[in-house]
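Take a look at the structure set out below.
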Amino acid sequence: MSWKFILYDWYGLNVALFQAINAGTPATLGPLAWFFSLVGNYWTAPLMLLGLWWWSKSAANPGCADAVRHRLIVFGAAFLLALLAATVLKLWLDFPRPPAVFGELVRVIGESERHYSLPSGHATYSALVIGALWPLMGRPGRVGLVLYAVLVGWSRIAAGMHFPADVLAGLCLGLGSTVLAGRLIPLVAPAWQTARHTSALVWYVVAACAFIADQLAKLAIVRTYAYGEQVEVTPFFNFVHVLNPGAAFSFLAGAGGWQRYFFIALGLAVSAWLVRILKQRLPRLEALGYSLILGGALGNVADRLLRGQVVDFLDFHWQGAHWPAFNLADVVISAGAVCLITASLYQTKLVKPEANQCGVR
């Protein structure tokens, strides 16, 4: 008797519950299952973040505004932790989805998927929403949150996408990530508050962490997948193993080979400039942006020095149209650019009162 039969199959109860819910759901409830699969999708996270931000800004009570702002930070950190953990579990376990087990006997709402059943990403996200909003809600709101999570979990089973054990695992993962984020933030906050007046070593450590994460991710792809292999994770996202001789998002990938040395020299020059910039006293968000760009740039430079080309493995697509594959270093560089733009807008906002004093309207 294996651990999977006990912990996942529940001595056969997992399959029995799935068949009862999937087959027993009337066809008239199909639109309801589709709707809760939609609102339980982690792609709605930007709306959640925007809603919490607006709530924090519009709250008349300063104590309420601070509480909402804290839950916003907790939700963002928990979301990143849960996304990373869910991706690792899906790829490591690779449990089959119901259509791969029962074939045509499963009623599927939407596009059929066959791999990476555990955990349910929708259930994970619904638990993250509960964890973020629970302390801010009264009893009626909490009842609504529980009902939301139940309906999201039900929708994934009724749609033929997940087994009940996948839903339960997703709920546990989301709540666990929220608890972990809530414990980590008070530990990180003091260092973050003093980082502006700390030596550049803090930001060099951030850059080093970004560099190491990028290189570990690329090593995992190279060791796990053959060159050119493509593995479907969701209907719109694949893991791939491709080599890109160009820059981010395959820019200049079709050049004749000179671009390798050009981008190595450019990357090293930009990195040296960023190292110098980070020695200055900078606002935290601006310093974070520069450090992320530094870590990402060094990650791609290391690829060009060691492999001759950059390893790309993130492939997003929609209705047959594929965005050029990219890697974690590209994501980090883009995040750094967003930090710099946000910092610039924030600084512009700060100087507006001075401009008004000078007669500018």
Checklist entry - Extension gain Ser58-Leu184, at 0.36 nm per residue separation less the Cα-Cα distance, in nm? => result 42.6 nm
Item to check | Environment charge at Ala159 (Cβ cut-off 11 Å; Lys +1, Arg +1, Asp -1, Glu -1) | outcome: +1
Next on the checklist: With 10 angstrom as the radius, rank Lys90, Lys279 by how many other C-beta atoms surround their C-beta, starting from the fewest.
Outcome noted: Lys279, Lys90
Next on the checklist: Run the numbers for Gln309 and Cys172: contour at 0.36 nm per residue of separation, minus the present Cα-Cα distance, in nm.
Outcome noted: 45.3 nm
Item to check | Packing-based ranking, highest mean first, of 72-79, 98-105 given that Cβ atoms within 10 Å are counted | outcome: 72-79, 98-105
Checklist entry - Where does the chain land at 222 nm, in deg cm²/dmol rounded to the nearest 500, when only DSSP H runs of n ≥ 4 count, each adding -39500 (n - 2.57), divided by all residues? => result -22500 deg cm²/dmol
Next on the checklist: Based only on Cα atoms, what mean projected area does the convex hull of region 281-334 have, in nm²?
Outcome noted: 4.8 nm²
Next on the checklist: Treating only the Cβ of Lys, Arg, Asp and Glu as charged (+1, +1, -1, -1), what charge dipole size does the chain show about its Cα centre? Round to the nearest 20 debye.
Outcome noted: 1160 debye
Item to check | Within region 66-93: backbone nitrogen closer than 15 Å to the Tyr225 label point (7 Å, Cα to C-beta) | outcome: 87-88, 90-92
Checklist entry - Given that just one value was derived from the coordinates, which of (1) 39, 30, 18; (2) 34, 25, 17; (3) 28, 24, 21 is semi-axes √(5λ) of the Cα gyration tensor in Å? => result (1)
Next on the checklist: Could you tell me the center-to-center distance, by alpha carbons, between region 285-322 and region 205-235 in angstrom?
Outcome noted: 10 Å
Next on the checklist: Can you give me the distance in nm between label points at Ala45 and Arg260, each placed 7 Å from the Cα along the Cα-to-Cβ direction?
Outcome noted: 3.6 nm
Item to check | Extension gain from Ala23 to Asp9, taking 0.36 nm per residue of separation minus the Cα-Cα distance | outcome: 3.2 nm
Checklist outcome for this item: Highest mean packing first, using Cβ neighbours within 10 angstrom, the peptides 201-207, 298-304, 174-180 sort as 298-304, 174-180, 201-207
Checklist entry - Which whole-Hz ³J(HN,Hα) couplings does region 114-123 yield from phi under the Karplus relation 6.51 cos²θ - 1.76 cosθ + 1.60, θ = phi - 60°, glycine and proline marked x? => result 10, 10, 6, 7, 9, x, 6, x, 5, 5
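Taken together, the values in this text are just the output of simple stated rules run on the coordinates, not laboratory data. All values derive from a computational prediction rather than experimental measurement. In this analysis, Cβ positions are derived from the backbone assuming ideal geometry, glycine residues included, and neighbour counts consider all displayed protein chains.
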